[in-house]
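Have a look at the structure below, then the notes.
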């Protein structure tokens, strides 16, 4: 019984220590780089449950900082549009990113996003979120020119 209690306390200590080290490192940073064909402007609108970061027209790159929730659950999701396309992606999902991504540097292409890894390559790649997964309201409205 004593050994089981000690093991449980030790595991809890490790979890809190790992979470605390992430928390005390301070701000997390996300950068979005436009890797679409030359001359294509990428329009991005990022939000979390608490913050709307606004619409940004990216020719090269744009980034933002934030403090992740100590207890987990931080999520920033973005819509991406360029001529003929509208996509979305969870640009920072604490459950996925907290261990490997205090600075999340993303490269956007037509097929999805790739994150800069510790190797110095953009080799952590993800496809766009499926349109059927979207239970949120659209971040940007598609305007009909025939109004």
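The figures follow:
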| item | result |
| --- | --- |
| Residue that is surrounded by the most Cβ atoms within 10 Å (Cβ to Cβ), among those in segment 75-110 that are out of contact with any strand residue (DSSP E or B) (no Cβ under 8 Å at 6 or more places or on another chain) and at pLDDT 95 or above | 109 |
| Whichever residue in segment 42-55 is surrounded by 15 or more Cβ atoms within 10 Å (Cβ to Cβ) and in contact (Cβ under 8 Å) with a residue 24 or more places away in the chain and, among such residues, is farthest from residue 107 (Cα to Cα) | 48 |
| Filter result (over 18 Å from residue 90 (Cβ atoms) and either at pLDDT 65 or above or under 16 Å from the mean Cα position of the chain (by Cα) (or both)) within segment 118-146 | 118, 119, 120, 121, 123 |
| Count - residues of segment 88-112 that are touching a helix residue (DSSP H, G or I) at 6+ places or on another chain (Cβ under 7 Å) and farther than 14 Å from residue 27 by Cα | 0 |
| Among residues of segment 47-83, those that are assigned to a loop (DSSP other than H, G, I, E, B) and within 16 Å of residue 34 (Cα to Cα), counted | 3 |
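So that you can scan it fast, the table gives a plain yes or no per residue for (1) within 13 Å of the chain's Cα centre (by Cα); (2) crowded, with 18+ Cβ neighbours inside 10 Å:
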| residue | (1), (2) |
| --- | --- |
| 32 | yes, yes |
| 60 | no, no |
| 63 | yes, no |
| 69 | no, no |
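The values are calculated or read from the model by the stated rules, or taken from the named source; none is laboratory data. None of these values were measured; they are calculated from a predicted model. Because the Cβ atoms are built from the backbone with ideal geometry, glycine has one as well, and the counts that use them run over all protein chains shown.
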